[in-house]
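The values are calculated or read from the model by the stated rules, or taken from the named source; none is laboratory data. Given the structure is predicted, the values throughout are model-derived calculations rather than measurements. Here the Cβ is made from the backbone with ideal geometry for all residues, glycine too, and neighbour counts use every protein chain on show. The protein model used for the area step is the full one, side chains on, heavy atoms only, and it has no ligands, DNA or RNA in it. Shrake-Rupley method; radii C 1.70, N 1.55, O 1.52, S 1.80 Å.
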Amino acid sequence: MADRWATFDCYGTLIDWNGGIRGQLARVFGDERADALLVRYHVLEPMLEADGRRTYRDVLTEAMRGLGAPDDEEDALAGSLPDWQPFPEVREALEAARGRGWKLAILSNTDPDYIAASQERIGVPFDQVIVASEIGSYKPALGHWRTFEERVGRLPDVHVAASLFHDVAPANELGLPSVWINRLGETPGPQPTRELPDLTRLADTLEDVA
């Protein structure tokens, strides 16, 4: 039987990205400003990633600078990322998928040291890891999937992610089935193959989609 591959975004899907960012914004700028600055952060980040030249550490630092952080706090996000926590259901869900024979890969807009720290917190092995700063490309560009295709010999069977912009839209462009983890109760633009509120039913959903 051929290997079955599920690829995953990491931050926002497996690791509580918004929680990690907001916590630092609240600490640096005050809780009353944190929500508005988080919205602004989500505007700044894709702009900083657009040409693919910056490391994610630099993206985080430049974003904090763009938000008006004091000089001694510009590295607050970059320094805190290794401590950001997985969502509570993630480990069990990934273990269940592996138990059904799925190979797992991470396709992430980040750096190798960050993803290594996050993998340690998740506690489940991944069979492939592709990060933006190694390939000079940030999603929603297709570089992660093309690199996966070069390494594995084909595209994955399904892509799992929380971002419509970074992940579901390019998966649709590639004709890939997608599972959208809609943790924020958003309204879809690009249409995923399946929608889940979290990863609790991941293993069953992968079987359905495949």
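Considering E74, E62, E49, the condition of being open to solvent by less than 40 Å² (accessible area, probe 1.4 Å), closer than 18 Å to W17 by Cβ and among the charged types (D, E, K, R) is satisfied by E49 alone. Among the conditions (1) within 21 Å of D58 (Cβ to Cβ); (2) among the polar types (S, T, N, Q); (3) open to solvent by 10 Å² or more (accessible area, probe 1.4 Å), the only one that Q119 does not satisfy is (1).
Of all residues in the range 116-128, none that is more than 16 Å from D9 (Cβ to Cβ) and free of Cβ contacts under 8 Å to residues at least 24 places away in the same chain has its Cβ atom under 7 Å from the Cβ atom of a residue that is open to solvent by 30 Å² or more (accessible area, probe 1.4 Å) and part of a loop (DSSP other than H, G, I, E, B), 6 or more apart or on another chain. Residues that are of a type in the set (D, E), out of contact with any Phe, Trp or Tyr (no Cβ under 6 Å at 6 or more places or on another chain) and surrounded by fewer than 22 Cβ atoms within 10 Å (Cβ to Cβ) were ranked within the range 141-188; the one that is farthest from A203 (Cα to Cα) is E150.
Being modelled with pLDDT under 95 and either among the β-branched types (V, I, T) or over 15 Å from the mean Cα position of the chain (by Cα) (or both) is a description that applies to R53.
So that you can scan it fast, the table gives a plain yes or no per residue for (1) assigned to a loop (DSSP other than H, G, I, E, B); (2) within 16 Å of A132 (Cβ to Cβ); (3) in contact (Cβ under 8 Å) with a residue 12 or more places away in the chain; (4) touching a Phe, Trp or Tyr at 6+ places or on another chain (Cβ under 8 Å):
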| position | (1), (2), (3), (4) |
| --- | --- |
| I21 | no, no, yes, yes |
| V28 | no, no, yes, no |
| R33 | no, no, no, no |
| L37 | no, no, yes, yes |
| P46 | no, yes, yes, yes |
| D51 | yes, yes, no, no |
| R65 | no, no, no, no |
| A69 | yes, no, yes, yes |
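For the condition open to solvent by 60 Å² or more (accessible area, probe 1.4 Å) and either modelled with pLDDT of 95 or more or in contact with a Lys or Arg (Cβ under 9 Å, 6 or more places away or on another chain) (or both), T193 qualifies. Considering the range 97-111, the residues that are over 27 Å from A50 (Cα atoms) and in contact with a Leu (Cβ under 8 Å, 6 or more places away or on another chain) include one that is surrounded by the fewest Cβ atoms within 10 Å (Cβ to Cβ), namely R100. Would you confirm whether any residue within the range 2-14 is in a helix (DSSP H, G or I) and either aliphatic (A, V, I, L, M) or open to solvent by less than 40 Å² (accessible area, probe 1.4 Å) (or both)? No, every residue in the range 2-14 fails to be in a helix (DSSP H, G or I) and either aliphatic (A, V, I, L, M) or open to solvent by less than 40 Å² (accessible area, probe 1.4 Å) (or both). Among the conditions (1) free of Cβ contacts under 8 Å to residues at least 40 places away in the same chain; (2) farther than 19 Å from V59 by Cα; (3) open to solvent by less than 50 Å² (accessible area, probe 1.4 Å), the only one that L94 does not satisfy is (1).
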